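The values are calculated or read from the model by the stated rules, or taken from the named source; none is laboratory data. The model shown is predicted, which means the values in this text are computed figures rather than measured ones. We place every Cβ from the backbone using ideal geometry, glycine too, and count neighbours over all the protein chains shown.
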């Protein structure tokens with residue numbers, strides 16, 4: 001009988017340790033998600049870099065091919081790639097939500113919040129009326145593509161256009177960027 005008590009105690013210690021480890025992982029995840037949240041001031045003060053390729057916005061509103069109507073324009077004054085007045089009042093081409101990607105023409109360089117196999121909540125942003133949202137972007141290569149980015153609008157709004165600004169803030173791997181996103185009604 002003493003061996004049984006010892007086994008139960010060992011089992012209890014293993015389970016308690018596992019629960020503590022999971023709780024610790026959850027805390028690290030939450031801290032990481034909330035640290036260094038960029039602001040509009042962060043965006044404007046950051047130094048931007050021009051890439052040696054163009055950026056596009058394939059999306060659920062106009063289709064998933066890089067095309068002239070979803071091509072970003074580089075603005076040397078703001079050191080950012082801009083795509084303004086992007087029509088989101090049209091019916092999406094699919095029923096998977098208001099989603100988009102930021103990518104090069106050949107899809108080799110994708111920018112997003114997280115990897116393609118992550119949860120949709122990790123790749124969804126909510127916007128407030130009259131206020132731009134600023135988010136960290138990471139570059140993913142074709143071997144580890146980015147998950148589609150989803151946007152949620154306030155319930156009492158009728159968005160007509162999205163306004164995108166992308167600033168490449170570090171060209172060294174891992175390439176990092178900032179996304180400033182707003183909408184108008």
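Looking across segment 22-52, the residues that are at pLDDT 50 or above, under 16 Å from the mean Cα position of the chain (by Cα) and surrounded by fewer than 10 Cβ atoms within 10 Å (Cβ to Cβ) come down to 35, 36.
With surrounded by fewer than 14 Cβ atoms within 10 Å (Cβ to Cβ) and free of Cβ contacts under 8 Å to residues at least 60 places away in the same chain as the only criterion, which of 114, 103, 124, 91 stands out? Steps first, please.
Values: 114 fails: surrounded by fewer than 14 Cβ atoms within 10 Å (Cβ to Cβ); 103 fails: surrounded by fewer than 14 Cβ atoms within 10 Å (Cβ to Cβ); 124 fails: surrounded by fewer than 14 Cβ atoms within 10 Å (Cβ to Cβ).
It is 91.
If I filter segment 61-81 for residues that are closer than 28 Å to residue 157 by Cβ, modelled with pLDDT under 85 and out of contact with any strand residue (DSSP E or B) (no Cβ under 8 Å at 6 or more places or on another chain), do I get at least one hit? Within segment 61-81, not a single residue is closer than 28 Å to residue 157 by Cβ, modelled with pLDDT under 85 and out of contact with any strand residue (DSSP E or B) (no Cβ under 8 Å at 6 or more places or on another chain). Give me the residue from segment 64-86 that is farther than 14 Å from residue 177 by Cα and within 19 Å of the chain's Cα centre (by Cα) and, out of that set, surrounded by the most Cβ atoms within 10 Å (Cβ to Cβ). By that ranking, first place goes to 70. Among the residues of segment 145-165, those that are under 20 Å from residue 63 (Cβ atoms) and either part of a strand (DSSP E or B) or without any contact (Cβ under 8 Å) to a residue 12 or more places away in the chain (or both) comprise 146, 149, 150, 151, 161, 162, 163, 164. The set of residues from segment 136-155 being surrounded by fewer than 17 Cβ atoms within 10 Å (Cβ to Cβ) and under 22 Å from residue 175 (Cβ atoms) comprises 136, 138, 141, 142, 143, 144.
Considering each residue of segment 110-120, count those that are in contact with a strand residue (DSSP E or B) (Cβ under 9 Å, 6 or more places away or on another chain) and farther than 15 Å from residue 100 by Cβ, and give that number. If you could, list the steps in order and put the result at the bottom.
Applying the first criterion (in contact with a strand residue (DSSP E or B) (Cβ under 9 Å, 6 or more places away or on another chain)) to segment 110-120 yields 110-116, 120.
This time we only want the ones that are farther than 15 Å from residue 100 by Cβ, so: 115.
Of the residues in segment 110-120, 1 are in contact with a strand residue (DSSP E or B) (Cβ under 9 Å, 6 or more places away or on another chain) and farther than 15 Å from residue 100 by Cβ.
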